[in-house]
Amino acid sequence: MDKSKRDNLITLLRSLDESALVALANKGLVRRAMKDLEKELDQIQVEEKDDHLLVRGPEWCVTMPESGPMKASDDTRASGITRQIIAATIYLRDHYFSDDSAQATDAKAESEADSDSETETETDIKPEPEPAAVSQVQAPLARLLEIEVKDIVKWTGKNIYREVSDLIDSGAVIEYEILEAPAFTIRFSRDDVEVKLLPSETTGKKLLEELISTAPKSFHKRWVTMALLLLKHGQGEKVGLVEDAVEKVVSSPRSREQIVAECKALLTGLVANGVV
């Protein structure tokens with residue numbers, strides 16, 4: 001695996017705290033994966049390929065691509081994100097790439113030391129300070145705000161969208177907080193739910209499929225919609241569902257001749273029936 005792909009995978013793995021692992025699978029599966037890892041730790045081997053890693057344990061093998069566990073696969077009969085994939089993820093994060101973390105820290109320290117020694121000059125003129133780096137929360141927040149309402153409605157369904165938007169528009173107090181690290185997170189502490197966006201370069205409506213949450217699967221889209229609409233509402237954007245205008249078909253005005261003819265027909269009927 002080349003350096004850029006390797007670095008992307010390392011960044012993604014470091015963003016996966018316990019709640020992120022639970023969001024990818026569930027609490028029970030994460031616990032089982034951690035227990036398996038404790039027993040099998042000495043038996044796990046990693047082989048690096050051009051565009052993925054092969055993580056081998058006793059009687060299983062996980063293919064871990066640059067995009068991480070969400071796109072990983074294994075050779076077991078189970079589907080989706082299995083406990084083997086979770087175990088491989090934890091192993092890579094806590095063991096295989098732990099040396100990379102230490103080496104990177106040492107390299108950065110050495111680089112800074114060399115840079116400091118090279119900056120000593122005989123002149124007192126100092127260069128203009130570079131602008132501060134953009135906070136890590138800005139990039140994911142900006143991308144999430146760019147998701148269009150119509151795409152959210154199509155993804156979650158009108159009923160769920162309307163329920164969530166009506167609740168927000170009602171002025172009800174919804175407690176939440178935004179966390180920058182280790183992954184961009186919208187946390188609803190009172191409900192013990194977190195919605196997370198792991199590091200990626202995805203934009204637009206495709207982000208909807210990359211958002212994960214610790215909510216039960218049946219409520220996942222509801223909480224993701226809640227998180228997205230609260231972000232938009234916080235920026236002053238209206239989130240109420242605007243129904244498409246229903247075109248009313250109005251019959252064209254009748255001519256004078258048509259009105260006279262209809263009146264004559266009406267009078268003829270009244271006379272025939274003895275009404276007049």
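Scanning the range 188-204 for residues being closer than 30 Å to Glu66 by Cβ and either modelled with pLDDT of 95 or more or in a strand (DSSP E or B) (or both) gives a total of 5.
Okay, residues lined up against (1) of a type in the set (D, E, K, R); (2) at pLDDT 95 or above; (3) touching a strand residue (DSSP E or B) at 6+ places or on another chain (Cβ under 6 Å):
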{"site": "Met1", "(1), (2), (3)": "no, no, yes"}
{"site": "Ser4", "(1), (2), (3)": "no, no, no"}
{"site": "Asp7", "(1), (2), (3)": "yes, no, no"}
{"site": "Thr11", "(1), (2), (3)": "no, no, no"}
{"site": "Lys27", "(1), (2), (3)": "yes, no, no"}
{"site": "Val30", "(1), (2), (3)": "no, yes, no"}
{"site": "Leu37", "(1), (2), (3)": "no, no, no"}
{"site": "Asp50", "(1), (2), (3)": "yes, no, no"}
{"site": "Leu53", "(1), (2), (3)": "no, yes, yes"}
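When Lys150, Lys217, Lys206 are checked against the criterion of being without any contact (Cβ under 8 Å) to a residue 24 or more places away in the chain, surrounded by fewer than 13 Cβ atoms within 10 Å (Cβ to Cβ) and within 14 Å of the chain's Cα centre (by Cα), Lys206 stands alone in meeting it.
So, of the residues in the range 52-81 that are among the polar types (S, T, N, Q) and in contact (Cβ under 8 Å) with a residue 12 or more places away in the chain, which turns out to be nearest to Asp7 (Cα to Cα)?
Ranking the qualifying residues of the range 52-81, first place goes to Ser67.
Taking Asn26 as meeting all but one of (1) under 25 Å from Leu207 (Cα atoms); (2) touching a residue at least 24 places away in the same chain (Cβ under 8 Å); (3) out of contact with any Asp or Glu (no Cβ under 9 Å at 6 or more places or on another chain), write down the number of the exception. All conditions pass for Asn26, except number (2).
In the range 222-233 there is at least one residue matching the filter, namely being at pLDDT 95 or above, crowded, with 19+ Cβ neighbours inside 10 Å and of a type in the set (Phe, Trp, Tyr).
Within the option set Lys49, Lys35, being in the same structural domain as Gln84 (by TED's automatic domain parsing), surrounded by fewer than 20 Cβ atoms within 10 Å (Cβ to Cβ) and without any contact (Cβ under 8 Å) to a residue 24 or more places away in the chain holds for one residue only, Lys35.
Screening the candidates Glu148, Glu175 for the property of being out of contact with any helix residue (DSSP H, G or I) (no Cβ under 6 Å at 6 or more places or on another chain) and not assigned by TED's automatic domain parsing to the domain that holds Glu18 yields one hit, Glu148.
Here Phe219 qualifies as modelled with pLDDT of 75 or more and farther than 24 Å from Arg14 by Cβ. When Gln43 is tested against (1) polar (S, T, N, Q); (2) crowded, with 19+ Cβ neighbours inside 10 Å; (3) more than 19 Å from Ser200 (Cα to Cα), exactly one condition is not met: (2). Assess whether Ser255 counts as being on the phi < 0 side of the Ramachandran plot, among the polar types (S, T, N, Q) and at pLDDT below 65. No.
Residue by residue through the range 13-24, note down the ones that are surrounded by 20 or more Cβ atoms within 10 Å (Cβ to Cβ) and either touching a helix residue (DSSP H, G or I) at 6+ places or on another chain (Cβ under 8 Å) or at pLDDT below 90 (or both). Scanning the range 13-24 gives Leu13, Leu16, Leu21, Leu24.
For the range 11-49, which positions are assigned to a loop (DSSP other than H, G, I, E, B) and farther than 26 Å from Leu197 by Cα?
Ile44, Lys49
Can Leu167 be described as under 26 Å from Ile10 (Cα atoms) and modelled with pLDDT of 50 or more? The answer is no for Leu167.
The values are calculated or read from the model by the stated rules, or taken from the named source; none is laboratory data. For clarity, every value in this text was computed on a predicted model and none was experimentally measured. Neighbour counts run over all protein chains shown; Cβ positions are idealised from the backbone, glycine included.
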